[in-house]
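**Student:** Please read through the structure below; I'll follow up with questions.
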Amino acid sequence: MTSASAARSSADAGTPSGLGAPSDDPGAPLTPASGFAWLQPFPDARFDADARTDLRLALVAAMQTLSARQRAALLLRDVLQCSAAEVATQLGTTIPAINSALQRARAALAETGDASEVTEPDDPKVRGVVDRYVRAFETANVPALVRLLIDDVVLEMPPVPVWYRGSRDYGRFIDRVFQIRGTGWAMTRLTANGQPALAAYAPQPGDGHRLHTLQVLTVTKGLVAHNVAFADPAVFEAFDLPLQISPDESARTR
């Protein structure tokens, strides 16, 4: 999905947390929802540094505070630089309606923070958090993983509508993943949406690992506040991620 189509589709769905209350059942069925389109991660290589900062701020506001219409207007107008007329056409509405939605979205964005407060993925403190997260995940150390989360951390997994809030339920769900998929994972570091991201490879029978998810992390004040884990093959393709890695490649990720 292109960045423009992802933004347009956000008017129809966006993220699982916009659809209903969080689950407290770590064994809830992980059935993808049909009839929805979801916000997708963007490879940072497509944007310069200033655009990455704008994109990150926009997505933080989009995921946490905005209505679907405001979210789409903000991403299309301010991040992708579409004109008001183009946005109105793409969303099937009027220019005044777009301007109104954009004004409210910008106000919410202003409350999220300014560019000077946004840390880049290569910030040493952020890298340190991500490194500890990787070590905990690769060794299936759930208590260590939970210690790296804020109390009301959010875990989402589009296209699955189930989502979790809180470090306890996050840990219980990840423990279930390890029970089903096994231990000894491998993770590759990259960036998406101006944020740290991890390609998570699950162990497979025999040798090597198979791509499981792309996890996009929001790190605030030295802890993980949000994880959006994507299992969409189109996302894997957009990031040029290999579907399998050999034992030698797995060892190099550590």
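**Student:** Could you calculate the FRET efficiency of Asp207 with Arg147 from 1/(1 + (r/R0)^6), where r is the beta carbon distance between them and R0 is 41 Å, rounded to 0.05?
**Tutor:** Efficiency, from the Cβ-Cβ distance: 0.80.
**Student:** If you put +1 on each Lys and Arg Cβ and -1 on each Asp and Glu Cβ, how big is the dipole of segment 124-252 around its Cα centre, in Debye rounded to 20?
**Tutor:** It works out to roughly 480 debye.
**Student:** Using modelled amide H (1.01 Å from N, peptide plane; none on Pro or chain starts), what sits under 5 Å from the amide H of His226, excluding residues fewer than 5 places away?
**Tutor:** Counting only residues 5 or more places away or on other chains, the set is Val154, Thr218.
**Student:** Also, I was wondering about something else. Between Ala107 and Leu241, what is the spin-label point distance in nm, taking each point 7 Å from the Cα along the Cα→C-beta axis?
**Tutor:** Each label point lies 7 Å from its Cα, and together they span 3.8 nm.
**Student:** So how far apart, in nm, are the two label points at Gln179 and Thr139 if each is 7 Å from Cα heading toward Cβ?
**Tutor:** Reported label-point gap for Gln179 and Thr139 is 2.3 nm.
**Student:** Continuing with this model, one more query. Give the Cα extents of segment 124-252 along the principal axes, in whole Å, largest first.
**Tutor:** In descending order, the Cα extents are 37, 33, 30 Å.
**Student:** Ok, one more. In whole Hz, what ³J(HN,Hα) sequence does segment 173-182 give by Karplus (6.51, -1.76, 1.60; θ = phi - 60°), x for Gly and Pro?
**Tutor:** Using θ = phi - 60°, the values come out as 5, 4, 4, 4, 4, 5, 5, 7, 8, x Hz.
**Student:** Here is a follow-up. Provide the FRET efficiency to the nearest 0.05 for the Lys221-Leu19 pair, computing r from the beta carbons and using R0 = 25 Å. Can you show the working numbers first?
**Tutor:** Details: r = 28 Å, r/R0 = 1.11.
Once rounded, the FRET efficiency stands at 0.35.
Rule-based calculations on the coordinates, nothing more; no lab input. Being a predicted model, the structure only gives us computed values, none of them experimental. Here Cβ is always computed from backbone atoms with ideal geometry, including for glycine, and neighbour counts include all displayed protein chains.
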